[in-house]
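Read the figures in this text as sums done on the coordinates, not as results from a lab. As the structure is a computational prediction, the values presented were derived from the model and not from experiment. Ideal geometry is used to build each Cβ from the backbone, glycine not excepted, and the neighbour counts take in all protein chains shown.
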Amino acid sequence: MRLVRIVSVTAVLALLGLLVWDVAHGSGGGIAARVDRGETVAAPKLTLARLGASGDLSLASYRGKVVVVNFWASWCVDCKLEAQALATAQRRWQGKNVVFLGVDGQDLGSRALAYVHRYDVAYPVVRDGDGNAGKTWGVTGFPETFFVTPGGQVTPPHYSGPVTVADLNSAIEHALAS
């Protein structure tokens with residue numbers, strides 16, 4: 001019994017040590033933390049493989065437009081809850097200098113494609129299979145949504161969790177005015 005307690009306490013202390021190290025070394029901050037503080041920052045490079053298509057897609061190819069960047073995963077319940085809001089907003093803003101870009105994080109390609117079909121995702125989606133793009137942006141969970149101005153700046157707000165159509169519309173209008 002005593003050995004079990006020692007092993008348990010050691011495991012808890014090791015996990016606590018990892019948490020402290022992670023916080024001290026600033027992972028999980030990235031763009032999200034700066035935008036949450038009200039800063040407008042240059043969008044990091046984002047070039048990833050297209051989901052269900054050949055080739056890569058680069059965020060830079062959308063320069064001159066507002067880009068709604070939504071990080072999601074097929075297994076994420078909140079992503080499924082917000083899928084309709086994203087589709088509705090995408091249809092409203094189509095052809096108005098606004099594009100949506102889905103970033104599928106740490107997912108199997110087949111499951112991601114099934115999600116895209118089931119939730120009628122009609123905008124480009126790229127794959128962040130290793131999670132590095134998400135780390136750069138400061139994504140700590142799914143879904144997370146960012147807004148990039150026509151000049152290539154990530155501007156507040158940043159949404160962590162399901163976003164509504166009203167939130168999307170308001171943030172897009174803010175990004176267009178920036």
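Among residues other than Gly131 whose Cβ falls under 13 Å from its Cβ, what is the net charge (Lys/Arg +1, Asp/Glu -1)? All intermediate terms of the calculation are to be shown ahead of the outcome.
On the way: positive: Arg127, Lys135; negative: Asp104, Asp107, Asp128, Asp130, Glu144.
Taking every Cβ under 13 Å from that of Gly131, the sum is -3.
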- Message: Under a crude label model (7 Å from the Cα following the beta-carbon direction), how far is Arg34 from Gln94 in nanometres?
- Response: 3.4
- Query: If amide H atoms are built 1.01 Å from N in the plane of the peptide, which residues on other chains or at least 5 residues away come under 5 Å of the amide H of Gly152?
  - Reply: Gly64
- Task: Beta carbons within 10 angstrom, averaged per residue: use that to sort the peptides 151-159, 134-142, highest first.
- Result: 134-142, 151-159
- Enumerate the calculated ³J(HN,Hα) couplings along segment 131-142 in order (Karplus 6.51 cos²θ - 1.76 cosθ + 1.60, θ = phi - 60°), each rounded to whole Hz, writing x wherever the residue is Gly or Pro. x, 5, 5, x, 5, 4, 7, x, 5, 10, x, 10
